[in-house]
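The values are calculated or read from the model by the stated rules, or taken from the named source; none is laboratory data. As the structure is a prediction and not an experimental result, all values here were calculated from the model. For neighbour counting, all protein chains shown are included, and Cβ atoms are generated from backbone atoms with ideal geometry for every residue, glycine included. Each accessible area value is taken on the protein alone, full model and side chains, heavy atoms only, with ligands, DNA and RNA left out. Shrake-Rupley method; radii C 1.70, N 1.55, O 1.52, S 1.80 Å.
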Amino acid sequence: MTIPVTFRVVGIYCYFQTLQVPVEPTATVKEVMEAIQNMGLRFSFETNSTGSFVNKLSYDYQSNGNHPSKRPSNTSRQNLDGSHSIEESGNGNVSTVWQYYRSTTVKIGGSPFEIKTITPGQPSFATTSLNKDVNIPSGSSIQAYNLTWRLVSIVGSGK
């Protein structure tokens, strides 16, 4: 089975709209990312030693059209070509960590709507299924599962 997945990594110019990914909706976020990585799209990721958290995300953007990634609409940078990667870091009281967000695009009455998926906390991507806690209104149909990664900064207490 394949499912439609829109996949985006903010900061490395990786934005795949509605890929047909060879997984079930019950696949973990990690399994979805592995499937995307194995599709030959020049996307890759690295995890911590236990494989439960993402440390680094990379993408080789090529503007020649030989890839399905869309140019992010909010970038003013002219030349995006080349390899881009971002990894977590810690610097004194500030740490950067990868955080993922899930949502579903559904069609209601012929119009698309994005419904955010709320799972308390930030459960490991290795154990959280793509469709965990998805609530779709009756009479709607799923157009795509959406998965977005952002690097966020966390300020520690300094103690």
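Restricting attention to region 19-43, which residues are assigned to a strand (DSSP E or B) and buried (at least 16 other Cβ atoms within 10 Å of the Cβ)? Those that are assigned to a strand (DSSP E or B) and buried (at least 16 other Cβ atoms within 10 Å of the Cβ): Leu19, Val21, Thr28, Phe43. Filtered by the rule that a residue be open to solvent by less than 30 Å² (accessible area, probe 1.4 Å), assigned to a strand (DSSP E or B) and either more than 15 Å from Trp149 (Cα to Cα) or among the aliphatic types (A, V, I, L, M) (or both), region 44-61 gives Val54, Leu57, Tyr61. Selection of region 75-92 for residues being modelled with pLDDT of 85 or more and either small (Gly, Ala, Ser) or farther than 20 Å from Met33 by Cα (or both) yields Ser83, Ser85, Ser89. Selection of first residues in region 9-36 that are closer than 11 Å to Asn131 by Cβ and of second residues that are part of a helix (DSSP H, G or I) and open to solvent by 30 Å² or more (accessible area, probe 1.4 Å), restricted to Cβ pairs under 7 Å at least 6 apart or on distinct chains, gives the following pairs, ordered by first then second residue: Val23/Glu31.
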